[in-house]
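Comments concern the structure below.
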Amino acid sequence: PVGAAAKGLADAAYPLAKSINWADSGVLDTYVAKTPANKEGILALLNAGLAMDPKVVQGAVRAHLDAMSDVDGGSLMTSAKGFEEVTIATAKLIASAPPAAIKKVFDTVPQVQTLNGNWFAEMPVADALKSYQAFLETAAAVKR
């Protein structure tokens, strides 16, 4: 179920992700530049990683490496297939960790909710809603 939901998310989100120049992403660059790291957030990320199934972690790294093989050099965007594989692998990573570990990441990484809102604000409303709905469906599948 997680893989199927994540495939739906990838299909819905790919047009939005493809429209971003990842080499100069504005919203993400601003977030990184203006959001100081904190010990609690870093520990939450590391502990979530430790809690994940090592085989799933290896699968996710492989998906990312495979996706990098067909990245467009200018925008740093992969193909639809690569994006789908990375999205599915990431959803499975999150599903392999205890929900409390993932929630702690979102609770402690500064302004991550604002970052997500800022991403959606730059996208066509219909596309953002479609992508967000697919995200919610994926989140529900991960919770099971």
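Here are the numbers for the structure shown:
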read-out: Residue-averaged 222 nm ellipticity for the chain, from DSSP H runs of 4+ at -39500 (n - 2.57), nearest 500; value: -24500 deg cm²/dmol
read-out: Kyte-Doolittle at least 0.5, axis length at least 15 Å by Cα - qualifying DSSP helices, the chain; value: 2-18, 39-51, 80-96
read-out: Coordinate range along principal axes, alpha carbons of the chain, Å, largest first; value: 34, 34, 29
read-out: Reachable aspartates and glutamates, given that their alpha-carbon falls under 17 Å from the alpha-carbon of Lys55 and they are not under 8 places away in the same chain; value: Asp66, Glu85
read-out: Out-of-range pairs (alpha-carbon distance over 29 Å; input Lys7/Lys39; Lys104/Lys130; Lys81/Lys104; Lys92/Lys130); value: Lys7/Lys39; Lys81/Lys104
read-out: Carbon plus sulfur fraction of accessible area for the chain, probe 1.4 Å, in percent; value: 64
read-out: Among Asn118, Asn38, Asn47: highest mean-square fluctuation, GNM of the chain, C-alpha pairs under 10 Å; value: Asn38
read-out: Rounded accessible area per residue of the range 1-133, 1.4 Å, Å²; value: 61
read-out: Sequence-separation-based contact order of the chain, relative, with Cα cut under 8 Å and 6+ spacing, percent; value: 44
read-out: The range 46-144: GluC sites (Glu not before Pro) in DSSP loop, at most 16 other beta carbons within 10 Å; value: Glu122
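The values are calculated or read from the model by the stated rules, or taken from the named source; none is laboratory data. Computed from a predicted structure; not experimentally measured. A quick note on method: Cβ atoms are made from the backbone with ideal geometry, for glycine too, and the neighbour counts reach across all protein chains shown. Areas reflect the complete protein model, heavy atoms only, side chains present, ligands, DNA and RNA absent. Shrake-Rupley method; radii C 1.70, N 1.55, O 1.52, S 1.80 Å.
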